[in-house]
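The structure under discussion appears below in the form of structure tokens.
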Amino acid sequence: MKKFSFTINGNAYDLDIKSIEDNVAEVEVNGYSYTVEFDRVLETTKTPKLVRTEAVPSTDITRSEQKTSSPAGPKGSGFIKSPLPGTILDIYVKVGDVVKTGDKLLTLEAMKMENIINSDKSGTIISVNYKKGDAVMEGDILIEVG
């Protein structure tokens, strides 16, 4: 644990502290082992152990849930989700509008780049959940198409 060298009345001593528990220490002096008992309990300062939990993105409600539909997947009514965190710059549709696959829905600014979000579904706009200037996170439902 710790090693010390000292001299008492001209005699050299090498002290090796093996362990300390409560008020009892196991030490070795010049190769001989001793058990030393203290009159009072020693207060040892312990460095706290850092325990980190598993990092899960805030957008992951269910790990297996897809954030956007796959290009080859079936299309139809459903949700248009944000593919990445950003700010909505412009919205080109309103509730009641009829859209078809490929229509421009909104512009999303992410990392100083403008991203056009197109519809991957055909149908009528049921709800627009955000307005111009709102910040969105990855996986947020932007528009519902019915």
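Here, each number is a calculation from the coordinates, and none is a lab measurement. These numbers were taken from a predicted model, which means no experiment stands behind them. Cβ: placed from backbone, ideal geometry, glycine included. Neighbour counts: every protein chain shown.
Worth a mention:
- Residues Ile88, Ile8, Ile143, arranged from fewest to most other Cβ atoms within 10 angstrom of their Cβ, appear as Ile8, Ile88, Ile143.
- Trypsin sites (Lys or Arg not before Pro) restricted to DSSP loop in region 98-146 with at most 16 other C-beta within 10 Å: Lys100, Lys112, Lys131, Lys132
- Other residues within the sphere of radius under 13 Å centred on the Cβ of Ala25, judged by their own Cβ, net out at -4 (K and R +1, D and E -1).
- Radius 14 Å from Cβ of Glu144, net charge of other residues (Lys, Arg +1; Asp, Glu -1): 0
- For region 7-23, backbone phi angles converted through the Karplus equation (6.51, -1.76, 1.60; θ = phi - 60°) give residue-by-residue couplings of 10, 10, 6, x, 9, 8, 10, 10, 10, 10, 8, 7, 7, 9, 9, 6, 10 Hz, Gly and Pro being listed as x.
- Asp14, Asp39 arranged by Cβ crowding within 10 Å, fewest neighbours leading: Asp39, Asp14
- The string of couplings for region 24-39 from the Karplus curve (6.51, -1.76, 1.60, θ = phi - 60°) is 10, 10, 9, 10, 10, 10, 6, x, 9, 8, 9, 10, 10, 10, 8, 6 Hz, one whole number per residue in order, with x for Gly and Pro.
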